[in-house]
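Colleague: Let me begin by handing over the structure; questions about it come next.
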Amino acid sequence: MRRWSEGQHAGRQGLAFGADYNPEQWPVEVRREDVRLMAQAGVNLVSVGIFSWSLLEPEPDRFDFGWLDDVLDDLHAAGVDVSLATATASEPAWLAQRWPEALRVDAAGRRVVFGSRQSWCPSSPVYRERSLKLVEALATRYAEHPALRLWHVSNELGCHNPHCYCDVSAESFRRWLSGRYGDVEALNAAWATAFWSQHYTSFEQVQAPGSTSTFKNPTQVLDFARFSSDELLGQHLAEKEVLRRITPDVPVTTNFMIGSQLNPLDYGRWALEQDVVSNDHYLIHGAYDDPRGELAYSADLTRGVADGQPWLLMEHSTSAVNWQPVNIAKPAGQMLQDSLSHVARGADGVCFFQWRQSAGGAEQWHSAMVPHAGEDSERFREVVELGALLDRLGELRGSTVTHDVAILVDWQNAWAMGGETLPSDRVRHADLALRIHGVLRAAHLGADVVPVGAHPGDLATVLSRYRVLVVPTLYLCDDATAAAVRAAAEAGTHVLVTYLSGIVDGNLRVRLGGYPGAFRDLLGVRVEEFHPLADGVACELDDGTVGDLWTEIATAADDVEVLASYAEGATAGCPALTRRDLPSGASAWYLGTSVDDEALERVLREVCAAAGARPVAAAQGPVDLVRRRAADGRSWLFALNHGEEPATVQTRGVDLVSGQDVDGLDLEPGASAVVREG
Ligand code: GAL
């Protein structure tokens, strides 16, 4: 994997700064204005052509590149680099009309109609063939264009078409299954088909898990999710192969949608195929208590996906989006602080959707760098201010971030925990991982977020680098992951495992003999029965804290210290929080119930203290702290006050936001600093 900051950005001082640029929506006069305003804002990178297929190829095999030639020439003349899209994200009307079978079918068997975007079936041979012809034509046309800096494959693959249930997809699913299992008896064993008379005698009998009369086979559903992720990756790789052949030196990316919910593509595994990791992130109001905490988590996870290397923020919003029930606009200053939160966490570029706010179409009410009001607007003035700041921050390009604490997450586990028939549908992998991240951030400790899939073969090495490893609700834990966690503990990493972790293997088979099968020996805890709690029901512990959501009947081995037990109900007397000292000098902790943030912070602080994990810097107040370090020893401390109280931070150096020398920081609510330390 290359870093975004390497090579691609040659000759520039600042960080990458720009947007999706959709000039085809505007007359030529507006495009001239665009180039002038981009220069004013310091824009140096734009993604062009993302939704332009119908204009670039108005009918099969007739290409019209004239307008795009002009756009690229003008951008280059203005010093703006281009991330050129392969334009395959949204198929043209002629394709849907002539080959309706290339449109996707939903789980209920309904084929979508043309008139939106990304309506194609990921397994469609026609779509594959037509899209690759377009990619070939584009790559050939622009191979030598001096503005071309990066290829942008498709757009958010799988955003609207993650799964297709048509016959062609089902056939492809069967091929994938046959590749995975070899013979159908292996599939029968993996899917536990002795249950409910689901035994297969040939792969030909297997269906995509569409509409069924009641609960589906959970492993079939999980395999279909794996297949669907692989199928879209196949499209990405097919486009990439064409680009690599024609322009071997131009890096290729595709914009991920990494958010805390871990859907629907396994980006841990996808990242292994990327030249540059890029991500899109939007604040989701209503879904989270702290949407900006979710931003921080997602940015840390994006760095985890990028194996710790700098990445590119391909899209976020200057203000409101248009796809939530109420689209909250950003108050003055928030756009800058949110951008810095991404940069703090490893982004070496900050781009937006989109450059100029559309006048028509489904995204006319989505904010942009140039709003409907035009350049004479606070929003555009903020954009100009951000551009100037990102230019000054160019010195930290290529620097990296690491924390003492890692949180282990897994896309496939999140899919498994989304199943229909688990002990409680209230327990979701992403929820607890996000809460733990938020508590560590508030405690100024911070955390890296490490996805299982990004480290095939060397997960143990990666995990062993941390003082503390948190394993939150890792229900699905395959043998390799379980071994990697154990190996890290044996190498001296202190491990905290929470409830509902290590329960089933990669095929969703229960690890028998007492839960949590994958970690029972490590933790010295054996759970006999789960007692999930109904909404609003709590269970007191004997240390005064209160559990909710989850309790269990458990016992602890003799060498395990029981730090808290359930004090009431069916689980009274059973251990709820335990610690065991390991021969490596590390400790293995188990938290068997869900506790509030205050109690969670106490537990995390105790584990961190045992492990000698250090805060990012000494500070008081609601300040988000992240340090980026360069290989030559330079470092930059990001301090973002996202709270409602003032904050203080111990640091010395030059604040690149204000340009002032600082010796200790006093940050008012909403204020941000980036201190070059020393
Ligand atoms: C992204 C997408 C963009 C735009 C944006 C709006 O998911 O890639 O094209 O639709 O959302 O928030």
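We did not get these values from a lab; they are worked out from the coordinates using the rules stated. Fair warning: this is a prediction, and the values are worked out from it, not measured in the lab. Here the Cβ positions follow ideal geometry from the backbone for every residue, glycine too, while neighbour counts run over all protein chains shown.
Colleague: Can you report the principal axis dimensions of the range 425-496 using only the alpha carbons, biggest first, rounded to whole angstrom?
Modeller: Principal extents (largest minus smallest coordinate, Cα): 31, 30, 19 Å.
Colleague: Going by Cα centres, the range 600-673 and the range 36-114 are how many Å apart?
Modeller: 42
Colleague: Continuing with the same structure: Hey, can you grab everything whose amide H is under 5 Å from the amide H of Ser658? Only 5+ residues off in sequence or another chain; H modelled, so Pro and N-termini drop out.
Modeller: Residues meeting the criterion, in which the H sits 1.01 Å from N, are Val674.
Colleague: Based on the mean of other beta carbon atoms within 10 Å per residue, what is the order of 273-284, 634-645, 552-563, most packed first?
Modeller: In descending order of packing, they fall as 273-284, 634-645, 552-563.
Colleague: Turning to a different aspect of this structure: Net charge near Trp550: determine it from the other residues with C-beta under 14 Å of the C-beta of Trp550, scoring Lys and Arg +1 and Asp and Glu -1.
Modeller: -4
Colleague: Determine the percent antiparallel among the DSSP beta bridges restricted to the chain, to the nearest 5.
Modeller: 55
Colleague: Counting Lys +1, Arg +1, Asp -1, Glu -1, what net charge surrounds Asp559 among other residues with beta carbon under 11 Å of its beta carbon?
Modeller: Net charge in that neighbourhood comes out at -1.
Colleague: Hand me the GluC sites (Glu not before Pro) from the range 583-630 located in a DSSP loop with no more than 12 other Cβ atoms within 10 Å, in residue order please. Before the final figure, lay out the partial values.
Modeller: Working: sites: Glu598, Glu601, Glu606; in loops: none.
Listed in order of number, the matching sites amount to none.
Colleague: Remind me, what semi-axes does the range 343-453 give for its equivalent ellipsoid, largest first in whole Å, using sqrt of 5 times each Cα gyration tensor eigenvalue?
Modeller: 36, 24, 12
Colleague: Express the relative contact order of the range 619-677 as a whole percentage, based on alpha carbon pairs under 8 Å and six or more residues apart in sequence. Spell out each step's value before the answer.
Modeller: Details: 149 pairs, mean separation 21.5, N = 59.
Relative contact order here is 36 percent.
Colleague: Can you give the relative contact order of the chain as a percent, counting alpha carbon pairs under 8 Å and 6+ residues apart? Please report the intermediate quantities before stating the final value.
Modeller: Numbers: 1465 pairs, mean separation 73.1, N = 678.
After rounding, I find 11 percent.
Colleague: So what is the diffusion coefficient of the range 619-677 in µm² per second by Stokes-Einstein at 10 °C and 1.306 mPa s, using a Kirkwood Rh over Cα pairs?
Modeller: Calculated translational D: 141 µm²/s.
Colleague: So, one more: Ignoring everything except DSSP H segments at least 4 long, calculate the 222 nm mean residue ellipticity for the chain; use -39,500 (n - 2.57) per segment, divide by total residues, nearest 500.
Modeller: -9500 deg cm²/dmol
Colleague: What is the log10 of I(q)/I(0) for the range 405-611, computed with the Debye formula using one identical point scatterer on each Cα and no solvent, at q = 0.10, 0.14, 0.16 Å⁻¹?
Modeller: -0.36, -0.75, -1.02
Colleague: Ranking His372, His145 by Cβ neighbours within 10 Å, fewest first, what do you get?
Modeller: Sorted ascending by nearby Cβ count, the order is His372, His145.
Colleague: Further question: Would you mind telling me the antiparallel percentage of the DSSP bridges in the range 405-611, rounded to 5?
Modeller: Antiparallel bridges make up about 60 percent of those DSSP assigns within the range 405-611.
Colleague: Amide H to amide H, which residues 5 or more places from Asn217 or on other chains are under 5 Å from it, using H placed in the peptide plane?
Modeller: Result for Asn217 returns nothing.
Colleague: Taking the Cα-to-Cβ direction at Glu33 and at Glu241 and moving 7 Å from each Cα, how far apart do the two end points lie in nm?
Modeller: Between Glu33 and Glu241, the simple spin-label model gives 4.5 nm.
Colleague: Next question, about the same structure. Any chance you could get the radius of gyration and Dmax over the Cα atoms of the range 87-167, in Å?
Modeller: 14.0, 48
Colleague: Shifting gears a bit: Could you work out how far the C-alpha centroid of the range 211-245 sits from that of the range 304-358, in angstrom?
Modeller: For the range 211-245 versus the range 304-358, the Cα centre distance is 28 Å.
Colleague: Provide the net charge surrounding Asn155, with neighbours chosen by a C-beta distance below 12 Å and charges set as Lys +1, Arg +1, Asp -1, Glu -1. Mind showing how you got there, number by number?
Modeller: Working: positive: Arg117; negative: Asp20, Glu156, Glu239, Asp280, Glu315.
With Lys, Arg at +1 and Asp, Glu at -1, the neighbours total -4.
Colleague: Please report, to two decimal places, log10 I(q)/I(0) for the chain at q = 0.05, 0.07 Å⁻¹ as given by the Debye formula with identical point scatterers on the Cα atoms and no solvent.
Modeller: These q points yield log10 I(q)/I(0) values of -0.24, -0.48.
Colleague: Applying 1/(1 + (r/R0)^6) with R0 = 25 Å to the Cβ-Cβ distance of Ala538 and Asp559, what FRET efficiency is obtained, to the nearest 0.05?
Modeller: Once rounded, the FRET efficiency stands at 0.25.
Colleague: Quick one: plug the Kirkwood hydrodynamic radius of the range 393-523 (C-alpha pairs) into Stokes-Einstein at 20 °C, 1.002 mPa s, and report D in µm²/s.
Modeller: 140
Colleague: Which ³J(HN,Hα) values in Hz, rounded to whole numbers, follow from the phi angles of the range 530-541 under the Karplus curve 6.51 cos²θ - 1.76 cosθ + 1.60, where θ = phi - 60° and Gly and Pro get x?
Modeller: Those phi angles translate into 7, 10, x, 9, 6, 4, x, 8, 10, 9, 6, 9 Hz.
Colleague: Let me ask something else. Can you give the extra length, in nm with one decimal, that the chain gains between Val113 and Gln97 once fully stretched, where that is 0.36 nm per residue apart less the Cα-Cα distance?
Modeller: Extra length available between Val113 and Gln97 comes to 4.8 nm.
Colleague: Can you pull out the trypsin sites (Lys or Arg not before Pro) in the range 314-391 that DSSP calls coil and that have at most 11 other Cβ atoms within 10 Å?
Modeller: In loop regions of the range 314-391 (DSSP not H, G, I, E or B), there are no sparsely surrounded trypsin sites (Lys or Arg not before Pro).
Colleague: If you average the alpha carbon positions of the range 452-480 and of the range 483-498, how far apart do those two centres end up, in angstrom?
Modeller: 8
Colleague: Evaluate E = 1/(1 + (r/R0)^6) for Ser54 and Glu171, where r is the Cβ-Cβ distance and R0 equals 35 Å; express this FRET efficiency to the nearest 0.05.
Modeller: 0.75
Colleague: Dipole of the chain (Lys/Arg Cβ +1, Asp/Glu Cβ -1, origin at the Cα centre): which of Gly453, Ser172, Gly418 lies farthest to the positive side?
Modeller: Among Gly453, Ser172, Gly418, the one farthest towards the positive end of the dipole of the chain is Ser172.
Colleague: How large is the dipole of the chain about the Cα centre if only Lys and Arg carry +1 and Asp and Glu carry -1, each at its Cβ, rounded to the nearest 20 debye?
Modeller: Using only the charged Cβ atoms, the result is roughly 1040 debye.
Colleague: If you don't mind, there's one more thing I want to ask. For the range 619-677, what is the percent of antiparallel DSSP beta bridges, rounded to the nearest 5?
Modeller: Counting only bridges with both partners in the range 619-677, antiparallel ones make up about 100 percent.
Colleague: Let me ask another. So which cysteines of the chain have no other cysteine's Cβ under 4.7 Å from theirs?
Modeller: Cys with no partner Cβ under 4.7 Å: Cys159, Cys166, Cys351, Cys477, Cys539, Cys574, Cys608.
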